[in-house]
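The values are calculated or read from the model by the stated rules, or taken from the named source; none is laboratory data. Keep in mind it's a predicted model, so treat the numbers as computed, not measured. Don't worry about glycine lacking a Cβ; one is built from the backbone with ideal geometry, like all the others, and counts go over all protein chains shown. Remember, those area values only see protein heavy atoms, side chains included, never the ligands or the DNA or RNA. Shrake-Rupley method; radii C 1.70, N 1.55, O 1.52, S 1.80 Å.
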Amino acid sequence: MDARILVVDDEPEIADLVEVYLKSEGCTVFKCGTGTEALAVVRTQALDLAILDVICLLYTSPSPRDRSLS
């Protein structure tokens, strides 16, 4: 498999575990600990899949109403 996958989780142990598994399957993994970091990756990389910790995103991401993101 040659998928490019984004993993977003504020718990490094969980993100590391997912990364190890995906890399063992031949995937390229982009690992982020915050929603802000994830947005930077999404803007610069072509991805096939994103695995998100939704609770992490609620507390580490800018609001969608933040006009500075446009």
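The residue of the range 4-17 that is modelled with the highest pLDDT, among those that are among the aliphatic types (A, V, I, L, M) and open to solvent by 20 Å² or more (accessible area, probe 1.4 Å), is Leu17.
Across the range 18-38, what is the total count of residues that are of a type in the set (D, E, K, R) and either in contact (Cβ under 8 Å) with a residue 40 or more places away in the chain or surrounded by 15 or more Cβ atoms within 10 Å (Cβ to Cβ) (or both)? Full working, then the answer.
Of the residues in the range 18-38, the ones of a type in the set (D, E, K, R) are 19, 23, 25, 31, 37.
With either in contact (Cβ under 8 Å) with a residue 40 or more places away in the chain or surrounded by 15 or more Cβ atoms within 10 Å (Cβ to Cβ) (or both) added as a condition, the list becomes 19, 31, 37.
Number of matching residues: 3.
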